[in-house]
Amino acid sequence: MKTLGEFIIEKQADYPNATGELSGILSAIRLSAKIIHRDINRAGLTQDILGEAGDENIQGEAQMKLDVFANETMKKALMARGDVAGFASEEDDSFIAFDTERGRNAKYILMTDPLDGSSNIDVNVSVGTIFSIYKRISPIGSPVTLEDFFQKGRQQVAAGYVTYGSSTMLVYTTGNGVNGFTYDPSLGLFILSHPEMKMPFHGKYYSINEGQYVTFPEGVKKFIKYCQEEDPTTKRPYSSRYIGSLVSDFHRNLLKGGIYIYPTSTSYPKGKLRLLYEGNPMAFLAEQAGGKATDGTHPILDIQPTELHQRVPFFVGSTAMVDKAKEFIEASA
Ligand code: P6P
């Protein structure tokens, strides 16, 4: 049995020049996950944390009380460790510079969707936390600037998610593969349960909100019909599985193989998912596990960010399925 803490220390030993700051950030995320897990699992028991917070985030989405709670929990845990210079979140309009002596001298920044899929909480469906970590590019000793947050996804030094499902798992990468840890609440420990996770090259699940079918681009419509055709040689039809929680759909596809798609639509002409704290971290994980992530045709990790909350069409999962979707999109262009 290897705990997340032991794993982090073990991996840090692989880097003789490591200063322990990245390990400190991962420890802060671990603490946040335990606290959020606790509150999600008692959400139905105390009305004070269910439901809407009565405010909207910059996306115009009603903030759930647990969205705000998760966001503040992560901020406090990271500030307490002092290893992060700046923070950006789905729940905050702008980035936040941790403008303390320690914060100004920290090397890293973190972006997060603190509680993805939170509208599912009140109906007891899985939700997740997504995080993305970069080295800052602005001078150490000064407050972070927007340019620190506009780095391409390929510059990430670490990324991961916590899925609060039938069990709570933390899955992350620091660029040398993907490892999964299952939380044991009786011990208060994350235990290495899924070492060196690999996304199957092909899969049988496709995840997309087919209620929006009529508004999808032609290539996406053709890919969906391809998934539904009878063809035993390619094990079609595939199964449609859409949880309404990116982290949960991604996690199933990471384990079993599959593709998740949130394309452009009438409601979301640029796609719904946010590049910086949803697309990039999930794309980094997918590629590290042998999968792929594109905007339909181009790798997500190569997109140059221009806005903190910019949206992007998102195709992520098994390489063969992402490539097949790209074929239909390019043929219909
Ligand atoms: P829709 C949750 O809000 C989220 O960002 C993803 O986790 C999820 O896959 C998607 O949006 C669901 O969106 O429009 O299908 O309800």
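Each reported figure results from applying straightforward, stated rules to the coordinates on display, with no laboratory input. The shown structure was predicted, so the numbers you read here are calculated from the model rather than taken from an experiment. With ideal geometry, Cβ positions are generated from the backbone for all residues, glycine too; neighbour counts draw on all protein chains shown.
Quick look at the values:
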quantity: Stokes-Einstein D in µm²/s, Kirkwood radius over Cα pairs - the chain at 4 °C with 1.567 mPa s viscosity; calculated: 64
quantity: Anchor residue 225: lysines whose Cα lies under 17 Å away (excluding residues fewer than 8 positions away in-chain); calculated: 204, 235, 324, 326
quantity: Global form of the stretch 40-149, assessed from the alpha-carbon gyration tensor, a/c cut-off 1.5; calculated: prolate
quantity: Furthest towards positive pole of dipole, 273, 321, 208, structure part the stretch 176-333, Cβ charges; calculated: 208
quantity: Under 11 Å, Cβ to Cβ, from residue 278 - net charge with Lys/Arg +1 and Asp/Glu -1; calculated: 0
quantity: Reciprocal mean inverse distance between Cα atoms of the stretch 172-311 - Kirkwood radius, Å; calculated: 16.4
quantity: Share of alpha-carbon pairs per 5 Å distance bin for the stretch 210-264, given as whole %; calculated: 4, 17, 25, 25, 21, 8, 0
quantity: Loop-located trypsin sites (Lys or Arg not before Pro) in the stretch 137-236 whose Cβ has at most 16 other Cβ within 10 Å (DSSP); calculated: 152, 198, 235
quantity: Distance in nm between pseudo-label sites at residue 138 and residue 215 (7 Å out along the Cβ direction from Cα); calculated: 3.6
quantity: Sites matching GluC sites (Glu not before Pro) across the stretch 170-230 that sit in DSSP coil, with at most 15 neighbouring C-beta atoms within 10 Å; calculated: 196, 229, 230
quantity: Summed residue charge, Cβ within 12 Å of residue 106's Cβ, Lys/Arg positive, Asp/Glu negative; calculated: +1
quantity: Relative contact order computed over the chain (Cα-Cα under 8 Å; 6+ residues apart), in percent; calculated: 15
quantity: Pairs from 2/75; 76/221; 34/198; 198/222; 11/152 whose Cα-Cα separation, in the structure shown, is over 32 Å; calculated: 76/221
quantity: Percent of Cα pairs exceeding the 27 Å cut-off, where the set is the stretch 75-231; calculated: 43
quantity: Difference of contour (0.36 nm per residue) and Cα-Cα distance, residue 166 to residue 304; calculated: 46.1 nm
quantity: Hull shadow area, averaged, the stretch 136-198 [alpha-carbon convex hull, nm²]; calculated: 6.4
quantity: Residue 184-residue 331 pseudo-label distance in nm [points 7 Å out on the Cα-to-Cβ vector]; calculated: 5.1
quantity: Rounded tilt (10° steps) of 21-40 against the dominant C-alpha axis of the chain; calculated: 70
quantity: Pair-distance profile P(r), taking every C-alpha pair of the stretch 122-161, with 5 angstrom steps and integer %; calculated: 5, 18, 22, 17, 13, 8, 7, 6, 3, 0
quantity: Value at 222 nm in deg cm²/dmol, rounded to 500, when DSSP H runs of n ≥ 4 in the chain each add -39,500 (n - 2.57); calculated: -9000 deg cm²/dmol
quantity: Dimensionless Rg over Rh [the stretch 91-167; C-alpha; Kirkwood]; calculated: 1.07
quantity: Shape of the stretch 239-330, Cα gyration tensor, a/c cut at 1.5; calculated: rounded
